[in-house]
1. Distance in nm between label sites at D304 and T156, each 7 Å beyond Cα in the beta-carbon direction?
2. Taking K54 as the anchor, which lysines have their alpha carbon closer than 19 Å to its alpha carbon, excluding any fewer than eight residues away along the same chain?
3. So what are the three principal axis dimensions of segment 20-137 from its Cα atoms, in whole Å, longest to shortest?
4. Mind listing the phi-derived Karplus ³J(HN,Hα) values for segment 42-59, rounded to whole Hz, using 6.51, -1.76 and 1.60 with θ = phi - 60°, and x for any glycine or proline?
5. What's the magnitude of the charge dipole for segment 20-137 around its Cα centre, counting Lys and Arg as +1 and Asp and Glu as -1 at the beta-carbon? Answer in Debye, nearest 20.
6. State the answer as a single residue: which of V104, A42, T123 lies farthest towards the positive end of the charge dipole of segment 25-172, with beta carbon charges of +1 for Lys and Arg and -1 for Asp and Glu, about the Cα centre.
7. Please give every one of the aspartates and glutamates within straight-line cross-link reach of K211, meaning a C-alpha to C-alpha distance under 17 Å, and leave out same-chain neighbours fewer than 8 residues apart.
8. What's the exposure ranking of F287, F419, F182, going from fewest to most Cβ atoms within 10 Å?
Amino acid sequence: MTPAALALVLLAGGCGVPSLADLPLPGGAPSGPGYRVTAEFADVLDLVERAAVKVDDVTVGSVEEISLDGWTAKVRLRIGRDVRLPANATAAVRQTSLLGEKFVAVSAPATEAARGTLADGATIPLVRTKRGAEVEEVLAALGLLLNGGGLAQLKTINEELGTALDGREAEAKDALRQLDAFVGGLDAQKADLVRAIDALDRLTGRLNRQKAVVGDALDALGPGITVLARQREQLTAALNALGDLGKVGNRVVEASKDDTVASLRALQPILDQLAEAGDALPRSLDFMLSYPFPPNVTGAIVGDFVNLSITADLDAATILSNLVVAAPPPANAAPRGPSAPPPPAPGGREAPRPGARPALPGQLPPLCLPLDGILPPRWVPPDECDLPEGCELLRPGSPVPLGALVVPANGRLPQGTVFPEGTRLAAGTILTVRCLLDPVTGAVEGIVGGVGDLLGGRP
């Protein structure tokens, strides 16, 4: 039967012949409810309408329409209603086999987290679409490599590499092992390297923000560097002279080392005496500047006169209480001692000689003490200079009574005891409270008598 006769037979069939649009195409999706999505492509290759739309190699829809908007191809996809895709889904034009048909693969993003839901009327933009490589492009690239590409160079490289490693296999293997250990160390310190790179990035960012300040600082360094460059010869000569001075100083120190050590050793007793003198030396120097008057009265001396200031408490009630109400102390009462004064600062070694000054009221006469002013640990006063009643010298380490005085480490007794100031005792010796003198205040404790006695001031 000729083609013309066949055509007549088909035309005679009338409307019973299906149209091309009604014929099923390979890969098409089954009919049913769905939603439509538009994907933008830079190149759709030979993709045709009714091509399959796949998710994970499963056909879920078909291509309804392909249109062109400028240099961008817009492909309208129809996807089954039961297929759920994220709003940031990606699309790609792929091929079923080497010579197979094209289809559109829709999938969740691989480089970011999925978010939202792909809804009807949504658009997959150009930045989230791509296409696969064509067979022609792969063959063209292969032909470029084979026809004057890099095969000859690869052969040369292979031969030279074999020549370089010939006979050095052990060294090459050792180098590879060291490289493997190095790469392993880098991998173990990956977190530290990342932190270092992040810190370097922050530093670079700060330097970039302070670029103007750094530029001004560099500009300001210019004149200084210029001056240093001009004075380079002088600086070099100064450094050379300093080196020579160091050599001379070293020679002088080596030559005078013994004499210097001897001088320092001879100076040690003097320094010890100065240390023991404490604040006595600066006080004596202060008194020397105002001799023969003490330093605290120099401000009161005007010419040949001395200003005197007296403060008198003339409260009548206090005066009458002191003169009339207070009873006189008993005749046989021993001196009352204050609480133990704080230890004085270390003084000189030598105690003042007894008899250098008269004893204060209530003190022992200087002649009652040994001539050197030092009391032995178990010293007993002579009969003619008995200690006051209740005054005892307790050996070091004994329990300290209330108000007693402990002899300081230098052994010198401070002012305010029945012994002259500067008397030496064994360190730690305890003086009971009856060995201490009452502080001198100038207060009148009481006067008893008639008006004549009060006016006469008889105590």
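1. Computed distance between label sites D304 and T156 equals 12.2 nm.
2. Straight-line reach from K54, under 19 Å: K74, K102, K130.
3. 37, 35, 29
4. These are the phi-based 3J(HN,Hα) values: 7, 7, 9, 6, 10, 5, 10, 5, 6, 5, 6, 10, 10, 10, 6, 6, 10, 6 Hz.
5. Numbers: 14 positive and 17 negative charges, 93 e Å.
Rounded to the nearest 20 debye, it is 440 debye.
6. In segment 25-172, that residue is T123.
7. D201, D219
8. Working: F287 13, F419 26, F182 10.
So the residues, fewest neighbours to most, are F182, F287, F419.
Since every read-out is calculated from the coordinates, none of them should be taken as a lab result. Source: prediction; values computed, not measured. Reconstructed Cβ throughout: ideal geometry from the backbone, glycine too, with neighbour counts over all protein chains shown.
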